[in-house]
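The values are calculated or read from the model by the stated rules, or taken from the named source; none is laboratory data. Since this is a predicted model, take the numbers as computed values, not measurements. Note: ideal-geometry Cβ built from the backbone for every residue, glycine included; neighbour counts use all protein chains shown. We work out accessible area using only protein heavy atoms, side chains counted, and drop any ligands, DNA or RNA first. Shrake-Rupley method; radii C 1.70, N 1.55, O 1.52, S 1.80 Å.
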Amino acid sequence: MKSLLIKSAIASGIVLSLATVTRPVMASSFTVSIENAGVQNAQLSNLVNAHVQTFDGQTQGYSQAGFQSNDGTTNVGSYKNTLIQNPDQYGGAGGTGKYFDVNANISAGQTVSTLNLANPESYFGLWWSAGDANNVLTFLSKGVVVETITTADVVKYIAGLANKASYYGNPNSTFANQDSGEPFAFINFYDVAGTFDQVQFSNSAGTGFESDNHTVATGYNSITGNVVTKAVPESSSLLGVLVIGFVGATSVMTRRVNKKSVLQLS
């Protein structure tokens, strides 16, 4: 009897451990949205402890070492393997500032650039310029990938809008309507299930991944913009199977105890 109770307690502990996790199990833990056409900045009033990197103070060109990202005296993080471009038809918020790029054709085979954050964040946003479906963002927490997002969904979403033409072409007067075959939009990435401490920017298709006004925040008040994809909870079927298995095991233990009791009485 004692051994059965111990086994039952162990089984119960296993189930509770599986059910109690720091990060909820999600098929997709991010909600992605885009702001209205022409918007090139995050809605800072909606964000908590937000910091913006404009790249205007960075040196133009490619740097494997990258640079430290500070907001005043606050250490936001560091970028590695970076390419900074002067404003042109493909990027530069406002048409005047420098912008961030991942482009193997320009920077000796650069296909990935990394932002290592000083603290866990739950929001990331960027002005995505000259966009294409080959741009990929990977979010990690303590070295573990929590979400990989391709901009193909954004391209598809914009293509289905009644006002899709307003997203295409550079919206800034300096380069007005240039690069008219590619979309320009500010994209919000909300981690609704936890936090991340690293963002990887990838582009390996021979095109560029141009962006600007990278914004991070520890929190947010609401989901803003037009939702492209919503966070999706993982199916609870696996946990259900485990619980059923536990209940079944407990039932077997109970039957064995009852049987032993009956034999003792007879």
So which residues in the range 89-105 are surrounded by fewer than 22 Cβ atoms within 10 Å (Cβ to Cβ) and among the β-branched types (Val, Ile, Thr)?
Thr96
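When you check Gly125 against the structure, is it assigned to a loop (DSSP other than H, G, I, E, B), in contact (Cβ under 8 Å) with a residue 40 or more places away in the chain and buried (at least 21 other Cβ atoms within 10 Å of the Cβ), yes or no?
no
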Val39: closer than 30 Å to Ala159 by Cβ and either at pLDDT 95 or above or open to solvent by less than 30 Å² (accessible area, probe 1.4 Å) (or both), yes or no?
yes
Conditions (1) modelled with pLDDT of 85 or more; (2) open to solvent by 50 Å² or more (accessible area, probe 1.4 Å); (3) among the polar types (S, T, N, Q); number of the one not met by Thr254
(1)
Any residue at all in the range 54-63 that is of a type in the set (S, T, N, Q), at pLDDT 95 or above, open to solvent by 50 Å² or more (accessible area, probe 1.4 Å) and farther than 24 Å from Phe139 by Cα?
yes
Checking Leu44 against (1) among the hydrophobic types (A, V, I, L, M, F, W, C); (2) over 28 Å from Ala165 (Cα atoms); (3) open to solvent by 50 Å² or more (accessible area, probe 1.4 Å), only one condition comes out false. Which one?
(2)
All conditions in (1) open to solvent by 50 Å² or more (accessible area, probe 1.4 Å); (2) closer than 22 Å to Asp71 by Cβ; (3) of a type in the set (A, V, I, L, M, F, W, C) are true of Ala108 except (2)
Quick check: anything in the range 66-75 touching a residue at least 40 places away in the same chain (Cβ under 8 Å), touching an Asp or Glu at 6+ places or on another chain (Cβ under 8 Å) and open to solvent by 60 Å² or more (accessible area, probe 1.4 Å)?
no
For Asn81, indicate whether it is buried (at least 17 other Cβ atoms within 10 Å of the Cβ) and modelled with pLDDT under 95.
no
Here are the criteria: (1) modelled with pLDDT of 95 or more; (2) open to solvent by 40 Å² or more (accessible area, probe 1.4 Å); (3) closer than 28 Å to Gly160 by Cα. Tell me which single one Ala27 does not satisfy.
(1)
If you check Asn134, Asn116, which single one turns out to be open to solvent by 40 Å² or more (accessible area, probe 1.4 Å), closer than 28 Å to Lys164 by Cα and touching a Ser or Thr at 6+ places or on another chain (Cβ under 6 Å)?
Asn134
Name every residue in the range 189-210 that is polar (S, T, N, Q) and either open to solvent by less than 10 Å² (accessible area, probe 1.4 Å) or within 10 Å of the chain's Cα centre (by Cα) (or both), in order of residue number.
Thr195, Gln198, Gln200, Asn203
Residue check for Ser261: modelled with pLDDT of 95 or more, farther than 30 Å from Ser141 by Cα, exposed (fewer than 13 other Cβ atoms within 10 Å of the Cβ) and over 23 Å from the mean Cα position of the chain (by Cα):
no
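Ser235 - would you say it is modelled with pLDDT under 95, more than 27 Å from Val144 (Cα to Cα), surrounded by fewer than 18 Cβ atoms within 10 Å (Cβ to Cβ) and among the polar types (S, T, N, Q)?
No, not satisfied.
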